[in-house]
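Visitor: My structure is below; once you've seen it, I'll send some questions.
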Amino acid sequence: MKKWTIYMGKQCIRMLFLVTAVSIVTFWLMKASPIDPLQANVGQAALGSLSSEQVAKLEEYWGVNTPPLQQYLSWAKDFVKGNMGTSLLYRQPVTEVIGVKLSNSLFLMIAAWILSGILGVTLGIISGMNRGKWVDKGIKGYCLLISSTPTFWLALLLLMVFGVWLKILPIGLSVPIGVEAAGVTFLDRLRHAILPALTLSITGVSNIALHTREKMIDIMESDYVLFARARGVNGWKLFWQHGFRNVLLPVITLQFASISEIFGGSVLVEQVFSYPGLGQAAVAAGLGSDMPLLMAITIVSALFVFGGNLVANLLYGVVDPRIRRGGER
């Protein structure tokens, strides 16, 4: 129990340093951006027709003349108190904006995370157990092709095939156009999420499959597996009895590490499909210099990635008791 408390304490300290570093880097990058908040959100023509008093109010609203250090410290002070501020673009509390956008994105990312994990691990195991055969070559070739394919290009391809040519799936958004919120069903949301989730899952399969394949090859060449083969154990019985537990640790690592990849891929996918999620909000906040919203989105993303890695570390102790005991035998 004491080791558990110390471990969790260290993880909390690491998370604190992580959030602080992410917030500083994000703020610095926003300040280094050449985008003028007034021209980006008001327009050059509109600015020319405004009086000097109106321009001064806009500059105060967007924090143009506020010293960077003072602006960051003011934001950090409010954030520590639980106040993420007000979105400059949406003119709503940041917590409300993130709540709506995150609920849409989670629907996509959870589906893609589960699907890519199942397909990636399955393909990796099949490929590793059939090293050198046509199945192995086909899976490896597919993974290498997908890993070199840009996410936005794959999204556009699926959009053209299933949305434009075949017309069996919607081409964008998260709900049907012209339908009130009360009239939107779960099936409507599901149909609109199929293409974005499929794109994210396809791009996430290759990394998991290739790493699982390498681990399975090491397992299949180990002494205990060779001894099991000599006793007549083959096929999936061999994997279940001698390979499952050994391949489970790297699978857990890859699966939870893929959270960061899915988060990054969702930005491009949501832009292509005009899906109103967290990724699209991050792009809008960056282009519109919406500092409170972008800072909050970045920190929420960092917490998701850190949380995924933490869950993976905790599951290690469940899968392998030696890790839970600190390597003692």
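Values quoted throughout were computed directly from the atomic coordinates according to the rules given, and no laboratory measurement underlies them. Just so it is clear, the structure is predicted and the values come from calculations on it, not from any experiment. FYI the Cβ positions are ideal-geometry reconstructions off the backbone, even for glycines, and counts take in every protein chain you see.
Visitor: Of the listed values (i) 151; (ii) 194; (iii) 167, grab the one calculated as volume of the Cα convex hull per residue in Å³ from the structure here.
Guide: Matching the structure shown: (ii).
Visitor: With 10 angstrom as the radius, rank Thr212, Thr5, Thr151, Thr20 by how many other C-beta atoms surround their C-beta, starting from the fewest.
Guide: Ranked by crowding around the Cβ, least crowded first: Thr5, Thr20, Thr151, Thr212.
Visitor: Give me the one-decimal Kirkwood hydrodynamic radius in Å for segment 164-207, with the sum taken over alpha-carbon pairs.
Guide: Mean inverse Cα-Cα distance, inverted, gives 11.7 Å.
Visitor: Please work out the Cα convex hull volume for segment 134-288 and give it in Å³ per residue. Spell out each step's value before the answer.
Guide: Numbers: hull volume 25.4 nm³, N = 155.
Dividing the Cα hull volume of segment 134-288 by its residue count gives 164 Å³.
Visitor: Expected output is a single nm value to one decimal: the length gained when fully extending between Thr95 and Thr149, i.e. 0.36 nm times separation in residues minus the C-alpha distance. What is it?
Guide: Length gained between Thr95 and Thr149: 15.9 nm.
Visitor: Something else now. May I ask for the net charge around Met8, where only other residues with Cβ less than 13 Å from the Cβ of Met8 are counted and Lys, Arg are +1 while Asp, Glu are -1?
Guide: Spelling it out: positives minus negatives among the neighbours equals +4.
Visitor: Further question: With each label point set 7 Å from Cα along the Cα-Cβ vector, what nm distance links Arg131 and Thr185?
Guide: Reported label-point gap for Arg131 and Thr185 is 5.1 nm.
Visitor: What is the chain's relative contact order, in percent, from Cα pairs under 8 angstrom and six or more apart in sequence?
Guide: The normalised contact order for the chain reaches 26 percent.
Visitor: Hey, another quick one. For segment 79-163, what relative contact order do you get, as a whole percent, if you take Cα pairs closer than 8 Å and at least 6 residues apart?
Guide: 10 percent
Visitor: Separate question: Once you place label points 7 Å from the Cα toward the Cβ at Met15 and Ile194, how far apart are they in nm?
Guide: 3.8 nm
Visitor: Which whole-Hz ³J(HN,Hα) couplings does segment 196-202 yield from phi under the Karplus relation 6.51 cos²θ - 1.76 cosθ + 1.60, θ = phi - 60°, glycine and proline marked x?
Guide: Once θ is set to phi - 60°, the couplings for segment 196-202 become x, 5, 5, 4, 5, 5, 5 Hz.
Visitor: Now for a separate question. Report, to the nearest 10°, how far helix 94-129 tilts away from the longest principal axis of the Cα atoms in the chain, using its own Cα long axis and a range of 0 to 90°.
Guide: 20 degrees
Visitor: Each residue of segment 261-267 in turn: what ³J(HN,Hα) in whole Hz from Karplus with 6.51, -1.76, 1.60 and θ = phi - 60°, glycine and Pro shown as x?
Guide: Calculated HN-Hα couplings, in order: 5, 5, 4, x, x, 5, 4 Hz.
Visitor: Also, quick follow-up: Compute the angle between helix 278-287 and the longest alpha-carbon principal axis of the chain, please, reported from 0 to 90 degrees and rounded to the nearest 10.
Guide: 40 degrees
Visitor: Once R0 is set to 35 Å, what does the formula 1/(1 + (r/R0)^6) return for the Cβ-Cβ distance between Leu314 and Trp165, expressed as a FRET efficiency to the nearest 0.05?
Guide: Values: r = 46 Å, r/R0 = 1.32.
After rounding to 0.05, the efficiency reads 0.15.
Visitor: Ok, one more. Mind listing the long-range amide H neighbours of Thr86? Cut-off is under 5 Å, sequence gap 5 or more, other chains count too, H placed in the peptide plane at 1.01 Å from N.
Guide: Under 5 Å from the amide H of Thr86: Val94.
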